[in-house]
1. What is the distance, in nm, between label points placed 7 Å from the Cα along the Cα-to-Cβ direction at Ala197 and at Asn83?
2. Rounded to the nearest 500 deg cm²/dmol, what is the calculated helix-only ellipticity per residue at 222 nm for the chain, with -39500 (n - 2.57) per DSSP H run of length n ≥ 4?
3. State the volume of the convex hull built on the alpha-carbon positions of the stretch 320-380, expressed per residue in Å³ and rounded to an integer.
4. Which residues' amide hydrogens lie under 5 Å from the amide hydrogen of Gln109, considering only partners 5 or more residues apart or on another chain, with H built in the peptide plane?
5. Counting just the Cα atoms, what span does the stretch 3-187 cover along each of its three principal axes? Round to the nearest Å and put the largest first.
6. Could you give the angle, 0 to 90 degrees to the nearest 10, between helix 127-137's Cα long axis and the longest principal axis of the Cα atoms of the chain?
7. With the dipole of the stretch 95-155 worked out from charges on the C-beta (+1 for Lys and Arg, -1 for Asp and Glu) around the Cα centre, which of Tyr111, Ala131, Ser145 lies farthest toward the positive end?
8. Out of these labelled values of percent of Cα pairs over 41 Å apart, [x] 20; [y] 34; [z] 16, which was calculated from the coordinates shown here?
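Where a number appears in this text, it was derived from the coordinates with a stated rule and is not lab data. The structure displayed is predicted, hence computed values, not measured ones. Here the Cβ positions follow ideal geometry from the backbone for every residue, glycine too, while neighbour counts run over all protein chains shown.
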Amino acid sequence: MNVTLLQLRRQTLLSIAIGAGLATTSLQAETITNLEAVDTNGVSTWNGSLPFTITGVLLCDPSEMLDSTPNFLPWDNGANAFNLGGEWQVFVQTVLPGDRGGVECWMGQNYGNLPWEPHDGSDSYSDVAWAAEVQRVSHDPTTGSVLRKGDLVVVTARASLFYGGMQNINEEHSTDPTNDFTISLVVPGFGLPAPEAISLSSVMSTNLGANGHYDIFDATRATGGEHYQGMRVRINGLTLVTTNGWTTNSDWSARFCTATDGEGRQIPLIHPLYDLGAAPTNRFDATGVFLQESGSGTDGTFGYELFVQEVTPSSEPMLNIALKPVITWPSSLSNYQLQSRDSLSTTNWTAVTNVPVLVNGQNTVIIEPAQAQNFYRLQRIQ
């Protein structure tokens, strides 16, 4: 099936799905744009009502992010504080016209181990009850079909909380069935959205921002990390700085490593619960779900990270600088500009005015030997 026919098929399925959803439910259909709106502190400004529905595509299988294996632990006078036992999580990216972004759907087993919750066991699931909950949210409630990434679904939210920079669909830390969310299958195998290709400079800076972090935050969500939150993206031209978190079958916090673009910017990467192969030793592109975890309920201006689902050799072009001051790059890259700066401590890049000469299919610029030291890069200009 060619690209045009595939696009038409998906548009037709989406129209049918939206129509069917509107015809079978009287619940308010919410948008991610409204749900994830924030103020200048990155704190939610959503003032919608519950319950509501979100229509979108599952970006991951339920088994990819968190280990849902039953593991009930009592409060035990605080010995198991914050130990949530089994956890379950997926992300859903909107497909509604004019909408943008994605939302996390999460639940945990041992809510009673949160310090502010009752510690009498009433707000934790037993292992049997938790297994039933995982079964419930991992399957379509009507057909029993297993939910898989790429499925078009409707999420019905009856509870929601803000934390860490995102408004999430959850159970508000309660085992009360009235707080249950459900995920209903609309079109199986609808297809994952094409990842938006970005460079690390789109979401991270080399200088501390007003928020005291290197994360680029924009409360309007038009740029920076907010623009990509909850979405499938591909970050180009990365190199691993740390590899200790490049592992599987570990807790979420143990699966973090750090990547850089080689220009002073860094971002945390989270390894999935399946094998991605050996940690890359060369430059690579990472495709996955763009997340945020600031660890705060009052500051959502930082904490952007990538949950990695696929790695490929880098598609980002690299400059080839010879021992003599000759710089070349492929002539096919007409939408790239050669830029320079005189220090790594500055952020201002300027266009190199030397007109490139075509040599063996390569744009070639010769730099005068007497010219002061400079640093060079290729920058996409359109």
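1. Going by the 7 Å Cα→Cβ label model, 4.7 nm.
2. Helices in the chain give a 222 nm mean residue ellipticity of -3500 deg cm²/dmol.
3. About 86 Å³ per residue, rounded to a whole number.
4. It is Gly86, by chain and number.
5. Answer, in whole Å and largest first: 60, 41, 30 Å.
6. 60
7. Highest projection toward the positive end goes to Ser145.
8. After the calculation, the listed value that fits is [x].
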